[in-house]
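To start, the structure under review is shown below, and the notes come after it.
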Amino acid sequence: MEIKSAEFTISSSRADMCPKSDIPEYAFIGRSNVGKSSLINMLTKKPKLAMTSSTPGKTLLINHFLINKEWFLVDLPGYGFALRGKKMMEKIKNLIEYYVLEREQLTCLFVLIDSRHEPQKIDLEFIEWLGENGVPFAIIFTKADKQTVGKTRQNVNNYLNKLKEQWEELPPHFISSSENGTGRQEILDYIDGINKSPKEQ
Ligand code: GDP
């Protein structure tokens with residue numbers, strides 16, 4: 001798939017304020033600083049579409065971007081940012097939970113994991129929660145350019161082996177770099193494939 005148009009549609013502070021349409025949604029989530037905004041900008045080739053996490057207030061909102069007038073790319077708030085107050089954490093948790101569990105338009109949730117790190121408890125728990133709730137998801141290992149190809153492969157394999165302890169079948173996964181565009185075509189083609197597949201009734 002090539003991206004012909006990418007337009008910001010709306011920021012929502014509550015999941016029930018999201019657009020009322022039946023356009024399929026592909027949402028992106030991960031811990032703060034995992035490289036989510038950079039990835040969204042890389043995928044859409046719009047360097048300023050998603051504002052980076054340093055933009056005040058932005059991280060508490062669900063942001064919808066209409067792509068090719070065909071599907072929504074949804075930027076979800078980052079989770080597990082320890083420096084926020086307890087009340088704020090609760091608000092973000094509710095927002096994420098409501099969107100992920102209740103949003104019928106959600107077609108695939110991309111969970112972003114920093115490819116440099118060992119498997120972290122918070123991400124593994126989040127992935128387990130998705131599985132328990134039957135949420136369709138895929139994993140994107142980000143920032144692959146920060147190390148050698150071999151090291152990335154090794155870290156990703158470690159991660160997948162860890163997931164295999166819990167899962168019979170591994171989720172689809174991608175390796176990305178917002179610096180050099182690695183993974184862009186694969187991720188877009190994956191989305192395109194789902195959009196073109198016959199709808200389940
Ligand atoms: P977010 O909080 O998940 O939206 O993360 P950002 O997209 O704001 O990225 C956090 C930091 O990581 C920024 O300094 C980015 O420049 C850097 N970054 C993000 N993606 C990549 C990548 O693929 N490669 C490299 N080298 N740096 C990245």
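In whole Hz, what ³J(HN,Hα) sequence does segment 8-19 give by Karplus (6.51, -1.76, 1.60; θ = phi - 60°), x for Gly and Pro?
5, 9, 6, 9, 10, 8, 9, 4, 7, 9, 5, x
Leaving out ligands, DNA and RNA, and with a 1.4 Å probe, what % of the accessible surface on segment 6-196 is carbon or sulfur? Before the final figure, lay out the partial values.
On the way: 5100 of 9750 Å².
Whole-percent figure for carbon plus sulfur exposure: 52.
For a quick check: with amide H placed at 1.01 Å from N, whose amide H comes under 5 Å from I139's, ignoring anything fewer than 5 positions away on the same chain?
Residues meeting the amide H criterion: V111, H173, F174.
Helix-derived [θ] at 222 nm for the chain: sum -39500 (n - 2.57) over DSSP H runs of at least 4, divide by residue count, nearest 500? Before the final figure, lay out each step's value.
Details: 5 runs with 67 residues, N = 201.
After summing the helix terms and dividing by the residues of the chain, the value is -10500 deg cm²/dmol.
For R116 and I10, what is the calculated FRET efficiency with R₀ set at 25 Å and r taken between the beta-carbons, to the nearest 0.05?
Efficiency, rounded to the nearest 0.05: 0.15.
Between F126, S5, M51, whose Cα lies farthest towards the positive end of the dipole of the chain when Lys and Arg beta carbons carry +1 and Asp and Glu beta carbons carry -1, centred on the Cα centre?
M51
Could you tell me what a quarter of the Cα convex hull surface of the chain works out to, in nm² with one decimal place? Walk me through the intermediate numbers first.
Values: hull surface 44.9 nm².
Averaging across all directions leaves 11.2 nm² for the Cα convex hull.
Loop-only GluC sites (Glu not before Pro) in segment 100-187, please: DSSP not H, G, I, E or B, and at most 13 other Cβ atoms within 10 Å. Each step should come with its number before you reach the end.
On the way: sites: E102, E104, E125, E128, E132, E165, E168, E169, E179, E186; in loops: E104, E165, E168, E169, E179.
Passing sites in segment 100-187 are E104, E165, E168, E169, E179.
Can you give the accessible area per residue of segment 6-196, in Å², using a 1.4 Å probe? If you can, show how the numbers build up before the last one.
Working: 9750 Å² over 191 residues.
Value returned for segment 6-196: 51 Å² of accessible area per residue.
Size of the dipole of segment 6-196 about the Cα centre, Lys and Arg at +1 and Asp and Glu at -1 on the beta carbon, nothing else charged, in debye to 20? Mind dumping the intermediate values first?
Values: 25 positive and 24 negative charges, 181 e Å.
Dipole magnitude for segment 6-196 comes out near 860 debye.
Using a Gaussian network model of the chain with C-alpha springs under 10 Å, which one of S38, S13, S21 is most mobile by mean-square fluctuation?
S21
Go through segment 116-122 residue by residue and turn each phi into a ³J(HN,Hα) via Karplus (6.51, -1.76, 1.60, θ = phi - 60°); whole Hz please, and just put x for glycine and proline.
My calculation for segment 116-122 gives 8, 9, 5, x, 9, 4, 4 Hz in order.
From the phi angles alone, apply the Karplus equation (6.51, -1.76, 1.60; θ = phi - 60°) to segment 65-79 and give each ³J(HN,Hα) in whole Hz, x where the residue is Gly or Pro.
Calculated HN-Hα couplings, in order: 10, 8, 10, 6, 6, 10, 8, 9, 8, 10, 9, 8, x, x, 10 Hz.
Of the residues D114, D16, D75, which exhibits the maximal mean-square fluctuation in a Gaussian network model of the chain defined by a 10 Å Cα contact cut-off?
D16
Hand me the GluC sites (Glu not before Pro) from segment 1-48 located in a DSSP loop with no more than 10 other Cβ atoms within 10 Å, in residue order please.
On the way: sites: E2, E7, E25; in loops: E2.
Passing both the DSSP loop test and the Cβ count: E2.
Build a GNM of the chain with springs between Cα atoms under 10 Å: which of K151, K86, K48 gets the top mean-square fluctuation?
K86
The values are calculated or read from the model by the stated rules, or taken from the named source; none is laboratory data. Every value quoted in this text rests on a predicted model; they were computed, and no experiment measured them. Cβ coordinates were reconstructed from backbone atoms using ideal geometry, including for glycine residues, and neighbour counts include every protein chain displayed. Side chains included, ligands, DNA and RNA excluded: accessible areas come from the protein's heavy atoms. Shrake-Rupley method; radii C 1.70, N 1.55, O 1.52, S 1.80 Å.
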